[in-house]
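FYI, it's all coordinate maths here, none of it is from the lab. All values reported here derive from a predicted model rather than from experimental measurement. Quick reminder, even Gly has a Cβ in these numbers, built from the backbone with ideal geometry, and neighbours come from all protein chains shown.
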Amino acid sequence: MTHPARYWHREGERIVCTACPRLCTMSEGQHGFCYVRKHEDGRLVSLAYGKPNAVAVDPIEKKPLWHFLPGTTILSMGTAGCNLGCRFCQNWDLSKAKSHHKRALELSPEDVPVLARREGAASVAFTYNDPTIYPEYVIDAARAARAAGVAAVGVTAGYISDAARADMYPELDALNIDLKGFSERFYHKLTFSHLQPVLETIEWSVKRGLWVELTTLVIPGHNDDPEELRAQFRWIADHVGPDVPLHLTAFHPDYKLQDIPATPPETLIRARDEARAFGLRFVYTGNIWDRVGSVTACPGCDLPLIERRWHAVTANRVKADGTCPGCGAKVPGVFDDRSQSTSGGRRYHLL
Ligand code: SF4
């Protein structure tokens, strides 16, 4: 079963998908680059609608979202396929799969919040691969979730068309957007995409008032040049401001980059210090154990407010109204009665 797709037009006998800047052109029977959008019977269809191939309950800290309902769990789902071709993909078994090769759960948009509630999750995430390639499902499922009091979150590379972004993102409560590097050379050679549309997505999302956190997987020899990182930190400070959290995470050899060593912890720690020198107030390290890089300190009085150990929250002193109990400063993010003072950071698979 397929579902009608949006974001396309005809060019003669062929169809152009406009969900992402790749603008795949498809003859009858052909798939796009992401392999979940197909020209079928003269129209574009989605093969991914209502068919997640991976479903799990994660700590929200794993997304990573560290200023959005901390300590809660999130129903996480992803389909097959992706619109990027990252040579370092850490979910390549999903992103490179064809939808018909993977077992899928039949999950209607209305079923999404029902499953989230059954599992005690405060929110749902479209994650693992890129929700850009199934915007129709994200929009319907996010609407159903919000109507049921369940928040909706996207984890994305931000390589999306203006039209799909304008429809999909306002349905979401928070986004983690990958800023995979800060050179067109890196984006072109290692991800088969382009940097500028991603920067536009980040600026657009922050200016629209969405809660946004950024993630950069730091890969030795590819995007860890100190000058390039400094340019990235300057851009974040100048274009979206110092309150957007930045997660600097460690690469481990995967997919086509098996010959590159894991990121040394000192690279991330040095980069974090540099980012803070540019005024960024919430810079975290991930995939390494680094106590300092796991703590959210109050922007007013520097009191340690949220302490974490890997994906577990070991202490959370932020009040439900999002303020510091010591000085009353507002902590940027989304906090309410659902935020937890501690959590175990456990994840489990449903598919
Ligand atoms: S969403 Fe998929 S089919 Fe559409 S342009 Fe992007 S890669 Fe191509």
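With a Cα-only, solvent-free Debye model of the chain, what are the log10 I(q)/I(0) values at q = 0.07, 0.08 Å⁻¹?
The calculated log intensity ratios at q = 0.07, 0.08 Å⁻¹ are -0.28, -0.37.
Mind checking the stretch 1-55 for GluC sites (Glu not before Pro) that DSSP puts in a loop (not H, G, I, E or B) and that have at most 15 other Cβ atoms within 10 Å?
Here the GluC sites (Glu not before Pro) that fit, given the DSSP loop and packing criteria, are 13, 28.
With each pseudo-label sitting 7 Å past Cα toward Cβ, what's the residue 203-residue 252 distance in nm, one decimal?
Here the modelled spin labels are 3.7 nm apart.
In terms of the ratio Rg/(2.2 N^0.38 Å) built on C-alpha atoms, what value belongs to the stretch 1-106?
Scaled against compact globular proteins, the figure is 1.23.
Using +1 at the C-beta of Lys and Arg and -1 at the C-beta of Asp and Glu, which of 147, 161, 240 has the Cα lying farthest in the positive direction of the dipole of the chain?
147
Taking the Cα centre of the stretch 1-63 as origin and charging only Cβ (+1 Lys, Arg; -1 Asp, Glu), how large is the dipole, in debye to the nearest 20?
Charge dipole of the stretch 1-63: 140 debye, to the nearest 20.
Please report Rg (one decimal) and Dmax (integer) in Å for the Cα set of the stretch 238-351.
16.0, 49
What nm distance separates the two modelled labels at residue 291 and residue 41, each placed 7 Å from Cα along Cα→Cβ?
About 6.3 nm separates the two model spin labels.
How fast does the stretch 163-226 diffuse by Stokes-Einstein, in µm²/s, taking the Kirkwood radius from C-alpha pairs at 4 °C and 1.567 mPa s?
The calculation lands on 102 µm²/s.
Evaluate the relative contact order of the chain (contact order divided by residue number), counting alpha-carbon pairs under 8 angstrom at least 6 apart; express in whole percent.
Averaging sequence separation for qualifying contacts and normalising by length gives 16 percent for the chain.
Only Lys, Arg, Asp and Glu count, each charged at its Cβ (+1, +1, -1, -1), so figure out the dipole size of the chain about its Cα centre, rounded to 20 debye.
Once rounded to the nearest 20, the dipole reads 460 debye.
Would you calculate, for the chain, the mean residue ellipticity at 222 nm contributed by helices, counting each DSSP H stretch of 4 or more residues as -39,500 (n - 2.57) and dividing by all residues, to the nearest 500?
Helix-only estimate at 222 nm: -6000 deg cm²/dmol.
Taking the Cα centre of the stretch 260-300 as the origin and placing charges on Cβ (Lys, Arg +1; Asp, Glu -1), which of 277, 262, 298 is farthest toward the positive end of the dipole?
It is 298, whose Cα lies furthest towards the positive end.
Set the bar at 30 Å for Cα to Cα. Now go through 51/256; 62/330; 189/330; 96/180; 38/62 and name every pair that lies beyond it.
Flagged as over cut-off: 189/330; 38/62.
Using only the alpha carbons of the stretch 32-164, determine the length spanned along each of the three principal axes and report them from longest to shortest in whole angstroms.
Principal axes ranked by extent give 43, 32, 32 Å for the Cα atoms.
Compute a Gaussian network model of the chain, connecting alpha carbons closer than 10 Å, and tell me which residue from 277, 54, 151 fluctuates the most.
Checking each option, the largest mean-square fluctuation is seen for 277.
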